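What follows is a set of notes on a single structure, which appears directly below.
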């Protein structure tokens, strides 16, 4: 995998925009090179899988634009019930000192149809619901889930007889500081969010048993000043699905929030994963133009990026679904009707921040799966003062909500 800075330079000489009536605009920012010196291609994806591809003829003089019509191409597809995405790309036509023939120098993607998300209807009843003063334990045919009545956190998730958690599932509002974060003093400015999730205090917890599901509603008080609150609603079905609905209500006049989501500390054996979203390399809200929507697979080990100082890495945005497995047949699936951000890492934010260099990182003991609504952009106008642009910042002056299904 190339360094993220290199792969995110892919688009700088060409830009593409979609118009109405199946037309696209190509803007050539080259000073001397016509677009016809590159091979232009279109590729059609159906739910992330490539189903067709071909070359097209495009000519566009330097510092000008041209409209291309793909109406005849798109007319071949009945775009119903699936997500269709077309990629238009440009490739070198001969070998050169800097690239081999076929090297992609620019691309853009266009989502042509809305994704249809259908939530399954529970077919199995719950086997047992056991409630004590300390916890609520919900059991199905192949799973059990335990929620603490002290913390409001999920403390155990046993699937197919295997405990998948290596710690409680907690809300999270922090990322390991990047070089840019340290330069603009995000840690000093927004440090109130660093431990706000795991130090949350349970204010209220309600349990409601239904026909084939149980609903657990928690209200957590976050130790910010002024106080913030987080509501997490769990609906557990007899099929082993957990619908997680998350709401953050920040206190007044608090600083920006680095990340909004939930962390699942998994046992270390959860290593290989796949996803439908942007990839294959790491990508962020403000650093995603070099990443393509598609189907990808990786491992926790391969996602680690040895920045000079350990820091945030490995994020994936626009994720439709995500699957991670333990190599022994046990898989965790994450899906949502909205686009998620996902990250499967070997270290916690604390471990990354406390290490001055890679060799100082501790021996890995867990897999940290972060299921996020959003992570603020990483910035980069400079690394000593500039903040993340406002349009990529999670300000604390609003309520944040998202949901996903874990199975």
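Which one of 150, 367, 132 has the biggest mean-square fluctuation once the chain is modelled by GNM with Cα springs under 10 Å?
Maximum among the listed residues: 132.
Using 0.36 nm per residue, how much length does the chain from residue 323 to residue 301 gain when fully extended, once their Cα-Cα distance is taken away?
This chain segment gains 6.3 nm when fully extended.
What percentage of all Cα-Cα pairs in segment 184-315 are separated by more than 17 Å?
For segment 184-315, the fraction of Cα-Cα distances above 17 Å is 72 percent.
Would you mind giving the three semi-axes, in whole Å and largest first, of the ellipsoid equivalent to segment 128-406 according to its Cα gyration tensor?
Output for segment 128-406: semi-axes of 30, 23, 17 Å.
For a quick check, take a GNM of the chain with Cα springs below 10 Å and name the residue from 307, 173, 77 with the largest mean-square fluctuation.
Of 307, 173, 77, the most mobile in the Gaussian network model is 77.
Under the 0.36 nm per residue contour assumption, what length would be gained going from the current alpha-carbon distance of residue 354 and residue 142 to full extension?
Full extension of this stretch gives 72.4 nm more.
Could you give P(r) for segment 184-252, binned at 5 Å from zero, as whole percent values over all Cα-Cα pairs?
Per 5 Å bin, starting at 0, the Cα pair percentages come out as 4, 15, 21, 18, 14, 11, 8, 5, 3, 1, 0.
Using the per-residue mean of other Cβ atoms lying within 10 Å as a proxy for protection, in what order, highest first, do the peptides 116-122, 192-198 fall?
192-198, 116-122
Starting from 0.36 nm per residue, how many nanometres of slack lie between residue 111 and residue 217 once their C-alpha separation is accounted for?
34.6 nm
Taking the Cα centroid of segment 214-249 and of segment 26-40, what is the distance between the two, rounded to the nearest whole Å?
That distance is 51 Å.
Using alpha-carbon positions, what is the distance between the centroids of segment 335-362 and segment 285-299, in Å?
The distance from the Cα centre of segment 335-362 to that of segment 285-299 comes to 17 Å.
Taking the alpha-carbon centroid of each part, what is the distance from segment 130-179 to segment 373-404 in angstrom?
28 Å
Return 86, 236, 257 ranked ascending by Cβ neighbour count within 10 Å, so the fewest neighbours appear first.
86, 257, 236
Roughly how many nanometres apart are two label points built 7 Å out from the Cα toward the Cβ at residue 252 and residue 72?
Here the answer is 6.4 nm between the modelled labels.
Say each of residue 267 and residue 101 gets a label point 7 Å from the Cα, pointing the same way as Cα to Cβ; how far apart are those two points in nm?
Those two pseudo-labels are separated by 5.2 nm.
Using a Gaussian network model on the chain with a 10 Å cutoff between Cα atoms, which of 156, 336, 53 fluctuates the most?
53
Values quoted throughout were computed directly from the atomic coordinates according to the rules given, and no laboratory measurement underlies them. No experiment lies behind these values; they were computed from the predicted model shown. Ideal geometry is used to build each Cβ from the backbone, glycine not excepted, and the neighbour counts take in all protein chains shown.
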